[in-house]
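Trainee: Take this structure first; my questions come after.
What follows draws every value from the coordinates through simple rules; no lab data is involved. Predicted model, so just to flag it, every value in this text is computed and none were measured. Glycine also receives a Cβ, built like all others from the backbone with ideal geometry; neighbour counts cover every protein chain displayed.
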Amino acid sequence: MRRIHLNNIEIVKKINRDFLKSEDYFQSLLEEGFRVNLLTTNEVESIQTDCLLLLARQTEKYNGSESSSIKIEAASQLLSSILFTLGVYLKTYENPDLAIEDIKKEGIFNIYTKGLKQIDKLKITSKLLHKSILKKLVKTDNVFYKSTIEDGINGFFKLYYPEFGAHEIHITADYPVHQKMEPLKGIEFINKYLEWIYYENLFCSFFSSEDIHNLLSGYDKNYSDIPFNIYERVLLSALGCELAGKDYRHLEIDESSLEKLFIIFNKKTKIQIQDILKSGLEGLRRNLNLNESLMRYLNNSLNQLAVLIENSIINNTLDRVFVVPRYYDNLNKLIVSFGIKMDDEKYRKIIDEIRQCRHFSDTKNIIKLEVNSLGDLEDVLIDADLTEDEILRILDELNLGEVAALAKRNSITSIDYEPSSRSGNNILAEALDTYKAILSTQELEKFTKLIEVIVIG
């Protein structure tokens, strides 16, 4: 028996909701209600009789009133649908004791009607969630992700018929969510599944599809055909970058980052690892301005991540947890668009604003807010009278592929380099060559490969 104090009024709950089964809520509620003497034997028998009468009514509807006979398998499905529907409504009571009282007061038929209405509400919520997810869908080649979230969910709504199959799911949900799903059926499963996917997609939306692709290619070059959770890879990489003191925005874990992470996590317990991850997540929260609901989901992911890291330290497989991205090794050519340039009047205004800036932080803010294409950024770096150091600091904000595209057209040491008549071209070219010179051996190798495969589109 659980006692709850609310404004000095003591509320006694006889049924502990933790003991009730998510997937068979109605049945377990009756069992617990009988066990704690909220239901008598006669009341349980009366409820069971009403359930059978409701089954008879649903059987008639199922047969179109032509016959009351039905195959055992079909009858079993109808009964499962009824019991699930009853449970959906009764779950709306936070206090299970009150749910028992409502059964006795309202009767099974009324509870069933309310259950159907609750299912309709969950359907509406789920469809809205699905629409939101599709707007932030990760652009990925992973077939399990796309087939489940796009086609599979649409298939569920087409096939879902609560009147006779409220408990059915119809789809296999081959794409796994990161957090363990409680055992649920029907629309409850779909609603929770979509809620988890929504948060995972929301976090992934802070990173470019290109960077996610590079990361997943590092995880496995054939990642498109593997059923794994994309969010887990992205979150691990972002946390790894944050903890190793590397720019998290492009998910670029490298060998030096792995060495730092090994030192950070080596000989730590799972609890200690989880605390370290929490500090990294707090850094991401500040930098990305993550909302509270998303943060709750992220925090709930940390225990599972801590287990992965702890095992990887023991087995010397940290590079399988914090993945080094792979850049287009499996592609012959990479077409890079410099985008549509802004109109001349707006461009001139931005250049004038940058030239009047006294502090580089102001310059950087203008570029972040106003410059939206690689072509415009290239022009700004050439025309805005920036120093080589300032250009290098801006280049450091870009991913390796974007800098490689700029180097393809502007680096003095590039075979494609053609000097421009614009006076600032040399300073950009010199900055790009300095950028190359300070890259690590591994980064330089990736950078060189990118320049080789890039085609300016």
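Trainee: So which of K13/K180; K346/K408; K135/K158 end up more than 25 Å apart, counting from Cα to Cα?
Mentor: Cα-Cα > 25 Å for K13/K180; K346/K408; rest within.
Trainee: Could you work out [θ]222 nm for the chain from helices alone, using -39500 (n - 2.57) per DSSP H run of at least four and dividing by all its residues? Round to the nearest 500 deg cm²/dmol. Before the final figure, lay out each step's value.
Mentor: Details: 22 runs with 288 residues, N = 457.
Calculated mean residue ellipticity at 222 nm is -20000 deg cm²/dmol.
Trainee: Relative to the first principal axis of the alpha-carbon coordinates of the chain, what is the inclination of helix 41-63, with its axis defined by its Cα atoms, in degrees from 0 to 90 and to the nearest 10?
Mentor: Taking the Cα atoms of the chain, the angle to 41-63 is about 70 degrees.
Trainee: Can you tell me the orientation of helix 360-370 relative to the chain, as the angle in degrees between its alpha-carbon axis and the longest Cα principal axis, to the nearest 10?
Mentor: 60
Trainee: In 20 Å bins starting at 0, how do the alpha-carbon pair distances of the chain split up by percent?
Mentor: Distribution as computed: 20, 40, 26, 13, 1 percent.
Trainee: Let me ask another. Could you check what % of the DSSP bridge pairs in the chain are antiparallel, to the nearest 5? Could you put the intermediate results ahead of the total?
Mentor: Working: 5 of 8 bridges.
For the chain, the DSSP antiparallel bridge percentage is about 60.
Trainee: Please tell me the relative contact order of the chain in percent, rounded to the nearest whole number, where contacts are Cα pairs under 8 Å and at least six residues apart.
Mentor: Averaging sequence separation for qualifying contacts and normalising by length gives 11 percent for the chain.
Trainee: Which angle from 0 to 90°, rounded to the nearest 10, does the C-alpha axis of helix 425-437 make with the longest principal axis of the chain?
Mentor: It works out to around 70 degrees.
Trainee: A follow-up question, please. So, in Å, what gap is there between the alpha-carbon centers of the range 120-173 and the range 68-83?
Mentor: 25
Trainee: Then there is this: Long-range amide H contacts for V336: which residues qualify at under 5 Å (H placed 1.01 Å from N, peptide plane, sequence gap of 5 or more or a different chain)?
Mentor: Result for V336 returns V455, I456, G457.
Trainee: Let me ask something additional. Counting other Cβ atoms within 10 Å, which trypsin sites (Lys or Arg not before Pro) in the range 140-198 have at most 16 and lie in a DSSP loop?
Mentor: When the trypsin sites (Lys or Arg not before Pro) of the range 140-198 are filtered for loop state and at most 16 Cβ neighbours within 10 Å, K180 remain.
Trainee: Hey, rough spin-label estimate for I340 and I226, points 7 angstrom out along Cα→Cβ, what's it come to in nanometres?
Mentor: If labels sit at I340 and I226, their model points lie 3.8 nm apart.
Trainee: If you plug each phi of the range 131-138 into the Karplus form 6.51 cos²θ - 1.76 cosθ + 1.60 with θ = phi - 60°, what whole-Hz ³J(HN,Hα) values come out, in order, with x for Gly and Pro?
Mentor: 4, 5, 5, 4, 6, 10, 5, 5
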